[in-house]
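The values are calculated or read from the model by the stated rules, or taken from the named source; none is laboratory data. Because the structure is a prediction, the values reported are computed rather than measured. Ideal geometry is used to build each Cβ from the backbone, glycine not excepted, and the neighbour counts take in all protein chains shown. Side chains are part of the model used for accessible areas, which takes the heavy atoms of the whole protein and leaves out ligands, DNA and RNA. Shrake-Rupley method; radii C 1.70, N 1.55, O 1.52, S 1.80 Å.
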Number of protein chains: 2
Amino acid sequence: MAGGGAAASALSSPWRALLQRALDANAHLKHSTFFQLATVSGGGRPANRTVVFRGFLEHCDKIQINTDARSNKISEIKEWPLGEICWYFTDSWEQFRISGIIDVIDGSSLDPAKLQLREKAWFASSVKSRSQYLGPCPGLPVANDDHIKDVHVDASAGPVDAYCLLTLDPEKVRLG
Amino acid sequence: MAGGGAAASALSSPWRALLQRALDANAHLKHSTFFQLATVSGGGRPANRTVVFRGFLEHCDKIQINTDARSNKISEIKEWPLGEICWYFTDSWEQFRISGIIDVIDGSSLDPAKLQLREKAWFASSVKSRSQYLGPCPGLPVANDDHIKDVHVDASAGPVDAYCLLTLDPEKVRLG
């Protein structure tokens, strides 16, 4: 999780403190960083899948999610960038519903600042996690990466084409 | 879960067996029957919340969910009845994505057969669970009902106005 120090804490939204408390209370569960991201696909069909929280962008409340640029959801989200996260904590029985606009940052972005964020998020991921973007098919959207093996990743190499960073900018957050 | 016996099993969809296996493997976790239901609200905004699996309707694959008729989602779903369930099993690392049409069955239904399903689902719920529909406000959508007390429910009384049964008819089921 992105840190921040006293200055950043003072500026952050009130719900951030509650969310951090829930993350701490459920930290012993590996799935505590998993949540469900709902978007709307073609024809107004809801789409819903489990993704992994990759921390906040520094100095703001945007939520980072890693995903595979080859998955269907990328084109769907580019077309209709609204999302709602439902983050349910199974040990403390708390639910956070976080809706906002999603920004898709893949290698085709023309904004150097965004490409830098993508690179930073890439290096913040484990080498094992990065290796799932090297396979021929989009990986599962969940963090159970035990099936990944025999893929060599150069730890110093930058993001591959298949790696895509999503950021969700919270507009409305509801608890319960 | 609705039972069925040999005849019903023979007729059921292949994913039902996989889902049942996941439910069995995760049965020691109270939250194994919780999933996230995504729908689309006004203006094409995705909405996502945790709800509780209340079994299948008999002799079919329709998934039952109890909800409060006073919650926002009821009018939203009546207007746009598409839903996608994301059901993630935290111990076996399995994900089921189930999309389909949702039927809202509240006390205003004019179909006697549907009213009968609603009544049956009401009596299949625990008395404690029923009591949450007697409070002045919609309850939380999750099953942590420890906050419910001092509400007297006549165990033989039929469904109250606030009680609403949703059924989702699976059209497409994806694993992983």
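Among all positions in the stretch A:95-113, there is at least one residue which is outside any loop (DSSP other than H, G, I, E, B), among the basic types (Lys, Arg) and closer than 22 Å to residue B:97 by Cα.
Being within 28 Å of residue B:173 (Cβ to Cβ), among the hydrophobic types (A, V, I, L, M, F, W, C) and away from chain B (no Cβ under 11 Å) is true of residue A:74.
Conditions tested, residue by residue: (1) more than 16 Å from the chain's Cα centre (by Cα); (2) open to solvent by 10 Å² or more (accessible area, probe 1.4 Å); (3) at pLDDT 95 or above.
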| site | (1), (2), (3) |
| --- | --- |
| A:28 | yes, yes, no |
| A:31 | no, yes, no |
| A:35 | no, no, yes |
| A:38 | no, no, yes |
| A:45 | yes, yes, yes |
| A:48 | no, no, yes |
| A:54 | no, yes, yes |
| A:63 | no, no, yes |
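Within the stretch A:87-114, residues that are free of Cβ contacts under 8 Å to residues at least 24 places away in the same chain and surrounded by fewer than 16 Cβ atoms within 10 Å (Cβ to Cβ) sit with their Cβ atoms under 9 Å from residues that are of a type in the set (A, V, I, L, M) and part of a loop (DSSP other than H, G, I, E, B), at 6+ positions apart or across chains, in these pairs: A:108/A:69.
Please go through the stretch A:80-118 and give me each residue that is away from chain B (no Cβ under 14 Å) and within 14 Å of the chain's Cα centre (by Cα), ordered by number.
A:103, A:104, A:105, A:106, A:117, A:118, listed by residue number.
Picking from A:84, A:76, which residue would you name as being acidic (Asp, Glu), in a helix (DSSP H, G or I) and either more than 16 Å from residue B:48 (Cβ to Cβ) or open to solvent by less than 60 Å² (accessible area, probe 1.4 Å) (or both)?
Going through A:84, A:76 in turn, the sole match is A:76.
Of all residues in the stretch A:151-176, those that are under 16 Å from residue A:60 (Cα atoms) and of a type outside the set (A, V, I, L, M, F, W, C) have Cβ atoms under 7 Å from Cβ atoms of residues that are open to solvent by 40 Å² or more (accessible area, probe 1.4 Å) and not in a strand (DSSP E or B), 6 or more apart or on another chain, in A:167/A:62; A:169/A:62. Determine, yes or no, whether residue B:122 is touching a Gly at 6+ places or on another chain (Cβ under 8 Å), more than 11 Å from every other protein chain (Cβ to nearest Cβ) and of a type in the set (Phe, Trp, Tyr). For residue B:122, the condition - touching a Gly at 6+ places or on another chain (Cβ under 8 Å), more than 11 Å from every other protein chain (Cβ to nearest Cβ) and of a type in the set (Phe, Trp, Tyr) - is met. If the condition is being part of a strand (DSSP E or B), within 12 Å of chain A (Cβ to nearest Cβ) and among the β-branched types (Val, Ile, Thr), then the stretch B:18-68 contributes B:39, B:40, B:50, B:51, B:52. Restricting the first residue to the stretch B:24-39 and requiring it to be in contact (Cβ under 8 Å) with a residue 40 or more places away in the chain, which pairs with a second residue that is of a type outside the set (Gly, Ala, Ser) and assigned to a helix (DSSP H, G or I) meet a Cβ separation below 7 Å and a spacing of at least six or different chains? Pairs found: B:32/B:23; B:39/B:73; B:39/B:76; B:39/B:77.
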